[in-house]
Amino acid sequence: MTASFMLRSSFLSPPCPQLHHQSPSKSNHSIHFINPIKATASTNDAIIPPQKHRRPADENIREEAARRPSSSHNFSARYVPFNADPSSDEWYSLDEIIYRSRSGGLLDVQHDMDALKKFDGQYWRSLFDSRVGKTTWPYGSGVWSKKEWVLPEIDSDDIVSAFEGNSNLFWAERFGKQFLAMSDLWVKHCGISHTGSFKDLGMTVLVSQVNRLRKMHKPVVGVGCASTGDTSAALSAYCASAGIPSIVFLPANKISMAQLVQPIANGAFVLSIDTDFDGCMQLIREVTAELPIYLANSLNSLRLEGQKTAAIEILQQFDWQVPDWVIVPGGNLGNIYAFYKGFMMCKELGLVDRIPRLVCAQAANANPLYLHYKSGWKDFQPVKANTTFASAIQIGDPVSIDRAVFALKNCNGIVEEATEEELMDAMAQADSTGMFICPHTGVALTALFKLRNSGVIGPNDKTVVVSTAHGLKFTQSKIDYHSKEIKDMECRFANPPVEVKADFGSVMDVLKKYLLSKNAKH
């Protein structure tokens, strides 16, 4: 066993004997928290806001955080084999460089839930809510505002953050009413983030831990990933912020220019390889086994700790009311498990009393999970992923298949698929109501259309569609759609520009025809 004695003792030691915690909601119900609350196991059991003060002009927010007294909690986390038998004694410190269990299976980050449960749901709700909208380091981040549930033992000075997260959850009023007869449809726009995708949520955690490992003089010279675009953008940005070399393996000619330019601009060492994502993934795993390069793909369970905070944010944004459905696009399948994990932690720690049903949406051209689901969860078979406009989920052999199946089975989840025409039409329909979404969100919306039309999702069900990337990364696909230049696709909702002569009469004729057609619809 290579795990450190200190981490083992933190799990096995009994609770601090002087702690007799009572619900803070009873004794401090009327307190209005101006600043973040410290999650400390204090002897008087009160939630005490820190005294307000003005930071000295020559001190930055990181220095200010280092000056604050450290919390005296016993929160900790460790790696364990994913979905291991309860009798298993295999575990590893998060400070070890390890990606697989002894049997070759996936790892999971396991938190000391007994320590976290010493504080009730009201405490955690109040703590997380008190940090929203602040610039206090590192809690201005939507991820690090949940630090105790993410990487509880990392020093705040080691954190690398762009204050990611806290992304928009908006009411898709017109789209829901016009196309789905739904009154309570919401879109969680995770693409409104530092590099334009949800990948920032996980990458801030992974790069922060790498920053910690390098300060501990662990053998890490850089961080590497295989990517279909968004992972490489997030990795390169956070590594650049920390001054850590990043290495990116990209499948040649299979990602958009907007995605390719991000790692290049951020100074990453980019290898364009004549293979698909699965081929790049195999190569990066072989390389990181031989060189001191830290693996940043979602095989690494640290990233899922950041991604799960999007689920907690959804509950927070609904004032801790649980939606009925959450629909997530799925490629490598870490994200669907991350959402499940975030919702389950909130339930286990008393913040909510149930979790939503999850839907994983796949492109039909890369649908191994969908086929597995339709077979009744019989033996999983990877597929050869074909080209899809939803390029970030063009993955035929997903690393996190076991995680995804576990999550979906435990929440009575569903898997749906979208053809290329369906996902592009759904994207165009959404854009026509004021959104500007990515093709992956089009996949999720297609799943919603199918489940709504079959009656599985009701007209009044509170439903959240997770939008994983910004539409500006996929402008070429939108141009091709609206130009009707996509082979074998009708492009039913295309809206090409109208060519007109540069004279008043011609312009008036075109405008009158357009306005009459609009008026006829009302």
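The values are calculated or read from the model by the stated rules, or taken from the named source; none is laboratory data. All values derive from a computational prediction rather than experimental measurement. No Cβ is skipped: glycine too gets one built from the backbone with ideal geometry, and neighbour counts run over all protein chains shown. With ligands, DNA and RNA removed, areas are computed over all heavy atoms of the protein, side chains included. Shrake-Rupley method; radii C 1.70, N 1.55, O 1.52, S 1.80 Å.
Data overview
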{"item": "Cut-off 11 Å between beta-carbons: net charge of the residues surrounding A447, Lys and Arg +1, Asp and Glu -1", "result": "-1"}
{"item": "Sorted largest first, extent of region 139-295 alpha carbons per principal axis (Å)", "result": "55, 41, 24"}
{"item": "Within the chain, helix-based [θ] at 222 nm, where runs of 4 or more DSSP H residues each add -39,500 (n - 2.57), nearest 500", "result": "-11000 deg cm²/dmol"}
{"item": "Solvent-accessible area, 1.4 Å probe, carbon plus sulfur percent, for the chain", "result": "52 percent"}
{"item": "Unsatisfied cross-links (Cα-Cα over 31 Å) in the set K134/K478; K384/K484; K450/K473; K188/K215; K341/K478; K147/K374", "result": "K134/K478; K188/K215; K341/K478; K147/K374"}
{"item": "Cα centroid separation - region 368-407 against region 73-132, whole Å", "result": "26 Å"}
{"item": "Formal net charge of residues neighbouring S167 (Cβ-Cβ distance under 10 Å; K, R +1; D, E -1)", "result": "-2"}
{"item": "Spatial separation of Cα centroids for region 234-258 and region 261-312, in angstrom", "result": "8 Å"}
{"item": "Length gained when the stretch N168-I479 is fully extended (0.36 nm per residue, less Cα-Cα span)", "result": "109.4 nm"}
{"item": "Gain on full stretching of the segment that runs from S88 to L516 - 0.36 nm per residue minus C-alpha separation", "result": "147.0 nm"}
{"item": "Fully extended contour minus Cα-Cα distance, from S103 to V507, at 0.36 nm per residue", "result": "138.4 nm"}
{"item": "S454-W320 FRET efficiency (beta carbon distance; Förster radius 30 Å; 0.05 resolution)", "result": "0.50"}
{"item": "Relative contact order, percent, the chain [alpha-carbon distance under 8 Å, six or more residues apart]", "result": "13 percent"}
{"item": "Relative contact order (%) - criterion: Cα under 8 Å, at least six apart; region: region 293-438", "result": "25 percent"}
{"item": "Sequence of I479, I457 when ordered by accessible area, the most exposed leading, probe 1.4 angstrom", "result": "I479, I457"}
{"item": "Tail fraction, Cα-Cα pairs, the chain, threshold 47 Å, whole percent", "result": "13 percent"}
{"item": "Residues of the chain: accessible area per residue with a 1.4 Å probe, Å²", "result": "44 Å²"}
{"item": "Tail fraction, Cα-Cα pairs, region 445-522, threshold 16 Å, whole percent", "result": "73 percent"}
{"item": "In Hz, Karplus ³J(HN,Hα) per residue of region 164-171 (6.51, -1.76, 1.60; θ = phi - 60°; x = Gly, Pro)", "result": "5, x, 6, 7, 5, 10, 10, 7"}
